[in-house]
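Working notes, structure below.
The values are calculated or read from the model by the stated rules, or taken from the named source; none is laboratory data. Here the structure is a predicted model, which is why all the values come from computation and not from measurement. Glycine also receives a Cβ, built like all others from the backbone with ideal geometry; neighbour counts cover every protein chain displayed.
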Amino acid sequence: MYPEKQSFFILGLSRSGKAASEFLLAKNATVFIYDDMAGERVESVIQSLEKLGAKRVHKENLSRAVEVCDVLVLSPGIPIDHPLAVSFKRKGKAVVGETELAARFMRVPVVAVTGTNGKTTTVSLLTEMLCKDGFQAKACGNIGEPLIGFCEMEENSVAVAEISSFQMETLNSLCPHIAVVLNITEDHLNRHYNMENYIFLKAKLLKNSSEAEYAVLNYDDTTVRSFAEKTKARILWFSVREKVNGAYYQNGSLYFGEEKILSASEMFAGGLHNVQNALAAIVAAKLMGVKTESIVKTLTDFKGIKHRVQTVAEVDGVRFVDDSKGTNVDATVKAVESMKTETVLLLGGKNKGYDYNKLFAVLRSSKVVHAVLYGENRYELLKCAREQAFDSVTLCTGFDFAVRIAVMLAKEGQTVLLSPASASFDEFSSYEERGDRFVEIVRALTATEEKDRENDRFETADDTE
């Protein structure tokens, strides 16, 4: 790829599209930009890129892009079967994503993490372990800043990249020094059509690895275990069930080889899923030469991930937990299994192609005493709840109303858990916005409770007088 001599069409101006545009413009490429979303944010991005030399394209001229441009740079939010992407392919022209663009210009080692669940936690843990040990490590990719912003980092730097299946659709050149695959469960089938395609995309992370690279794989996941046959990389495992060549969980403690790292009770959070994430991070950190004390300090000090099983308040003896990041069935199952008290569960949003029967089968024997079903897929959820004989449900429409219903249902000593098992795009732009709205509603309740207490104090004082 020779940016100075080629023209690029950037389709979608999210964080990755904006970053790709800025990178290419800095290399004197001809850059055309387009986003069909209206609003102040997009207009602001377009204007800032125009000042750098980008050329705005209007909708009526979109079809000409395939004739004028050499390369289409596709936002990860736009599927590979988008009509413009299909047109570029038919013309024999390149269709890449920002992550693929970054891979072609990368100058520092990359540790890449993929999987259905746990990516953000694992990337955050590993980045912190590396930083505590003196590396200039940055979390990037699907978390934080786009990978392309870290192509030319300084010596002793490491890019720790979270890679989604959306990014994998246009990713072909990345060869991570360490590739971590956490797990494979049903997700994004509305985008990828079937599990075979989804598994294929996840396995692509390993396709360029040679004997000089490493693959860190989940031994307990049979699909991930099979990836060992699809790569030339040296394999290390992690497991919560068996002693493996790598990191494992045994007698309540986490080990790497014969070395005990720490007891699970010393970790930042409970739950077997957090042990799995920690084990994956331990293997990658050890392969990078990180000292045990840096690993232990990270695992004991880590505060967790925003919107992932995060306690946000306690009001009138009811604990409120934000797991808005639980956008698929497996993530919600793990969140539910980590609950220690009776729980009112908020479920719903936009379906990503799931069968929710598995979820309600788990709920029958869990701490969940009631489920509030809301959002675009509420009737699908209700159907599966009935099929699994889970009858403690309330059906409603909007998110705000659902939260207030959950508050009314919850009793002292119980938990209200937002873990939707669904995408947020029926009402929100992201799971972050949904989680922030949950926190906003809960904090308003907290403020009301404090006001009531204050009034009670004044009333008590008046009675005394």
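Does V283 satisfy being under 21 Å from E162 (Cβ atoms), over 19 Å from the mean Cα position of the chain (by Cα) and either part of a loop (DSSP other than H, G, I, E, B) or not assigned by TED's automatic domain parsing to the domain that holds N156 (or both)? Give the derivation first.
Values: under 21 Å from E162 (Cβ atoms): yes; over 19 Å from the mean Cα position of the chain (by Cα): yes; either part of a loop (DSSP other than H, G, I, E, B) or not assigned by TED's automatic domain parsing to the domain that holds N156 (or both): no.
Judged against the criteria, V283 is not a match.
Just one of I441, I405 is closer than 19 Å to S324 by Cα, of a type in the set (A, V, I, L, M, F, W, C), without any contact (Cβ under 8 Å) to a residue 40 or more places away in the chain and in the same structural domain as E314 (by TED's automatic domain parsing); which is it?
On the way: I441 fails: without any contact (Cβ under 8 Å) to a residue 40 or more places away in the chain.
The match here is I405.
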* Asked: Taking segment 130-151 only, how many residues are in contact (Cβ under 8 Å) with a residue 40 or more places away in the chain and at positive phi?
  -> 1
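Quick one: in segment 325-350, which of the residues that are in contact with an Asp or Glu (Cβ under 6 Å, 6 or more places away or on another chain) and in a loop (DSSP other than H, G, I, E, B) is nearest to R191 (Cα to Cα)? It would help to see each step written out before you state the result.
As a first pass, look at segment 325-350 and keep what is in contact with an Asp or Glu (Cβ under 6 Å, 6 or more places away or on another chain): 328, 335, 349-350.
Imposing the further condition that a residue be in a loop (DSSP other than H, G, I, E, B) reduces the set to 328, 349.
Details: N328: 14, G349: 16 Å.
Selected residue: N328.
Look at V180 and say whether it is assigned to a strand (DSSP E or B) and either touching a residue at least 60 places away in the same chain (Cβ under 8 Å) or touching a Pro at 6+ places or on another chain (Cβ under 6 Å) (or both). Break it down stepwise before answering.
Values: assigned to a strand (DSSP E or B): yes; either touching a residue at least 60 places away in the same chain (Cβ under 8 Å) or touching a Pro at 6+ places or on another chain (Cβ under 6 Å) (or both): yes.
Yes; evaluated as a whole, the condition is true for this residue.
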* Residues located in segment 52-69, provided they are buried (at least 17 other Cβ atoms within 10 Å of the Cβ) and of a type in the set (D, E) -> none
* Asked: Is segment 180-197 home to any residue that is over 30 Å from H82 (Cβ atoms), surrounded by 15 or more Cβ atoms within 10 Å (Cβ to Cβ), of a type outside the set (S, T, N, Q) and at pLDDT 95 or above?
  -> no
* **Members of segment 208-219 found to be among the charged types (D, E, K, R) and surrounded by fewer than 17 Cβ atoms within 10 Å (Cβ to Cβ), listed by number** => E211
* Structure fact -> Requiring at least 2 residues that are more than 27 Å from the chain's Cα centre (by Cα), the helices (runs of 4 or more DSSP H) wholly within segment 27-144 are 40-51, 65-68, 83-90
* **Subset of segment 83-132 [of a type in the set (D, E, K, R) and surrounded by 18 or more Cβ atoms within 10 Å (Cβ to Cβ)]** => E98, E100, K119, E128, K132
* Pair list, Cβ under 7 Å, 6 or more apart: segment 30-41 residue modelled with pLDDT under 95, other residue exposed (fewer than 13 other Cβ atoms within 10 Å of the Cβ) -> D36/K59
* **Filtered residues of segment 347-372 (kept if buried (at least 24 other Cβ atoms within 10 Å of the Cβ), under 18 Å from F438 (Cα atoms) and within 23 Å of the chain's Cα centre (by Cα))** => L347, G348, G349
* From the set of residues in segment 14-32 that are touching a strand residue (DSSP E or B) at 6+ places or on another chain (Cβ under 6 Å) and closer than 23 Å to C140 by Cα, which is surrounded by the most Cβ atoms within 10 Å (Cβ to Cβ)? -> A20
* Asked: Within segment 234-272, how many residues are of a type in the set (G, A, S), assigned to a helix (DSSP H, G or I) and out of contact with any Ser or Thr (no Cβ under 8 Å at 6 or more places or on another chain)?
  -> 1
* Structure fact -> Taking segment 302-324 and keeping residues in a loop (DSSP other than H, G, I, E, B), at negative phi and buried (at least 23 other Cβ atoms within 10 Å of the Cβ) leaves R308, D323, S324
* Among F320, F268, which is the only one that is within 30 Å of V403 (Cβ to Cβ) and at pLDDT 95 or above? -> F320
* Single residue of L279, L299 found to be touching a residue at least 40 places away in the same chain (Cβ under 8 Å), farther than 30 Å from V442 by Cβ and crowded, with 19+ Cβ neighbours inside 10 Å -> L279
* Within segment 42-82, can you find the residues that are in contact (Cβ under 8 Å) with a residue 40 or more places away in the chain and more than 27 Å from S164 (Cβ to Cβ)? -> V68
* Does at least one position in segment 351-363 carry a residue that is out of contact with any Ser or Thr (no Cβ under 9 Å at 6 or more places or on another chain), in contact (Cβ under 8 Å) with a residue 60 or more places away in the chain and within 19 Å of A410 (Cβ to Cβ)? -> no
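Within segment 194-228, which residues are among the basic types (K, R) and not in a helix (DSSP H, G or I)?
Going residue by residue through segment 194-228, those that are among the basic types (K, R) are 202, 204, 207, 225.
Scanning segment 194-228 gives a single hit, K207.
Could you tell me whether G39 is in the same structural domain as D70 (by TED's automatic domain parsing), at positive phi and surrounded by fewer than 16 Cβ atoms within 10 Å (Cβ to Cβ)?
Details: in the same structural domain as D70 (by TED's automatic domain parsing): yes; at positive phi: yes; surrounded by fewer than 16 Cβ atoms within 10 Å (Cβ to Cβ): yes.
So G39 fits the description; yes.
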* **Search result, residues across segment 145-174 that are surrounded by fewer than 22 Cβ atoms within 10 Å (Cβ to Cβ) and over 20 Å from A278 (Cα atoms)** => E145, G149, C151, E152, M153, E154, E155, N156, S157, N172, S173
* Take segment 17-52 and flag every residue that is within 19 Å of Y2 (Cα to Cα) and hydroxyl-bearing (S, T, Y). => S21, T30
* If you check V110, V95, V73, which single one turns out to be under 23 Å from A215 (Cα atoms) and at pLDDT 90 or above? -> V110
